[in-house]
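Asks: One structure, as structure tokens, below. Some questions next.
The values are calculated or read from the model by the stated rules, or taken from the named source; none is laboratory data. Note that the coordinates shown come from a computational prediction; the quantities given were computed from them, not determined experimentally. For neighbour counting, all protein chains shown are included, and Cβ atoms are generated from backbone atoms with ideal geometry for every residue, glycine included.
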């Protein structure tokens, strides 16, 4: 959940709704100032889709060198009728020609998801996707700290870790509130301490410094 102008914006919910209603949009396009939040939303969206969908990952360099690639992949007919998601990760407008070419043609057979970084209002690519009604264009703002805290705490519990609130906040602060990196750190801790749902471990510390508390965690039974 992100916030824009003080109002809650459920970007993930909009992506799920668009996917569950095929044919409504030719492209799902995410951009904004918080790339870690965008990555988190995309990860959750792909989990919603499940493993039965083939995931084709493209990058900006590929689309810049071959502007027809996005359209070709989106319109490729699956031999066995499998659904695909064509997922492009770009930085700014290096894929402008490829996206413009795809949007000018017929709707593809598969879902096209594009994630970008922060695009200004004057950016040509942003203007293109926002003006095209066949594109679900979503701007992703920074998530509030309490939302990030809840996500990381929930992730820790799913890994079998019981973590004190001050440590969760310390981990978030250490990675500059990047939820993607924070979750990776929590996964490392779970692996290191052999924690799981069936074998939960409690993390605690005896250090006063925030960084020391993270680096010198000890384990005790829950």
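Results for (1) assigned by TED's automatic domain parsing to the domain that holds residue 199; (2) in contact (Cβ under 8 Å) with a residue 24 or more places away in the chain; (3) more than 25 Å from residue 53 (Cα to Cα); (4) in contact with a helix residue (DSSP H, G or I) (Cβ under 7 Å, 6 or more places away or on another chain), shown as yes or no for each residue.
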residue: 98; (1), (2), (3), (4): no, yes, no, yes
residue: 104; (1), (2), (3), (4): no, no, yes, no
residue: 115; (1), (2), (3), (4): no, yes, no, yes
residue: 121; (1), (2), (3), (4): no, no, yes, no
residue: 127; (1), (2), (3), (4): no, no, yes, no
residue: 131; (1), (2), (3), (4): no, no, yes, no
residue: 135; (1), (2), (3), (4): no, yes, no, yes
residue: 156; (1), (2), (3), (4): yes, yes, yes, yes
residue: 160; (1), (2), (3), (4): yes, yes, yes, yes
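Asks: Would you be able to say whether some residue in the stretch 163-171 is within 25 Å of the chain's Cα centre (by Cα), part of a loop (DSSP other than H, G, I, E, B) and either at pLDDT 90 or above or under 24 Å from residue 41 (Cα atoms) (or both)?
Replies: Initially, the stretch 163-171 is screened for residues within 25 Å of the chain's Cα centre (by Cα), giving 163, 165, 167-171.
Pick out the ones that are also part of a loop (DSSP other than H, G, I, E, B) and you get none.
No, the stretch 163-171 contains no residue that is within 25 Å of the chain's Cα centre (by Cα), part of a loop (DSSP other than H, G, I, E, B) and either at pLDDT 90 or above or under 24 Å from residue 41 (Cα atoms) (or both).
Asks: Let me ask you something else. Given the residues 69, 136, which is the only one that is under 23 Å from residue 47 (Cα atoms) and either under 17 Å from the mean Cα position of the chain (by Cα) or crowded, with 16+ Cβ neighbours inside 10 Å (or both)?
Replies: Numbers: 69 fails: under 23 Å from residue 47 (Cα atoms).
That would be 136, the only listed residue that is under 23 Å from residue 47 (Cα atoms) and either under 17 Å from the mean Cα position of the chain (by Cα) or crowded, with 16+ Cβ neighbours inside 10 Å (or both).
Asks: Additional query: On the given criteria, is residue 13 out of contact with any helix residue (DSSP H, G or I) (no Cβ under 9 Å at 6 or more places or on another chain), over 23 Å from residue 103 (Cα atoms) and modelled with pLDDT of 85 or more?
Replies: Values: out of contact with any helix residue (DSSP H, G or I) (no Cβ under 9 Å at 6 or more places or on another chain): yes; over 23 Å from residue 103 (Cα atoms): yes; modelled with pLDDT of 85 or more: yes.
It is true that residue 13 is out of contact with any helix residue (DSSP H, G or I) (no Cβ under 9 Å at 6 or more places or on another chain), over 23 Å from residue 103 (Cα atoms) and modelled with pLDDT of 85 or more.
Asks: Please specify each residue of the stretch 25-53 satisfying the condition of being more than 11 Å from residue 111 (Cβ to Cβ) and surrounded by fewer than 17 Cβ atoms within 10 Å (Cβ to Cβ).
Replies: 33, 43, 44, 47, 48, 50, 51, 52
Asks: For the stretch 174-184, enumerate the residues that are in contact (Cβ under 8 Å) with a residue 24 or more places away in the chain and within 20 Å of residue 41 (Cα to Cα). Break it down into steps so the answer makes sense when it comes.
Replies: Here is the first cut: in the stretch 174-184, the residues in contact (Cβ under 8 Å) with a residue 24 or more places away in the chain are 174, 177-183.
Within the stretch 174-184, 177, 178, 179, 180, 181, 182, 183 meet the criteria.
Asks: For the stretch 179-196, check the following and say yes or no: at least one residue is touching a helix residue (DSSP H, G or I) at 6+ places or on another chain (Cβ under 6 Å), surrounded by 14 or more Cβ atoms within 10 Å (Cβ to Cβ) and part of a strand (DSSP E or B). Write out each step before concluding.
Replies: In the first step, residues of the stretch 179-196 are kept if they are touching a helix residue (DSSP H, G or I) at 6+ places or on another chain (Cβ under 6 Å); the result is 179-180, 182-183, 185-186.
Retained after the next criterion (residues that are surrounded by 14 or more Cβ atoms within 10 Å (Cβ to Cβ)): 179-180, 182-183, 185-186.
Then keep just the ones that are part of a strand (DSSP E or B); that gives none.
No, the stretch 179-196 has no match at all.
Asks: Just give me the residues in the stretch 25-48 being without any contact (Cβ under 8 Å) to a residue 40 or more places away in the chain and in contact with a helix residue (DSSP H, G or I) (Cβ under 9 Å, 6 or more places away or on another chain), in sequence order.
Replies: 44, 48
Asks: Another question, if that's okay. Which numbered condition trips up residue 158, out of (1) farther than 17 Å from residue 12 by Cβ; (2) in contact with a strand residue (DSSP E or B) (Cβ under 8 Å, 6 or more places away or on another chain)?
Replies: Of (1) farther than 17 Å from residue 12 by Cβ; (2) in contact with a strand residue (DSSP E or B) (Cβ under 8 Å, 6 or more places away or on another chain), only one is false for residue 158: (2).
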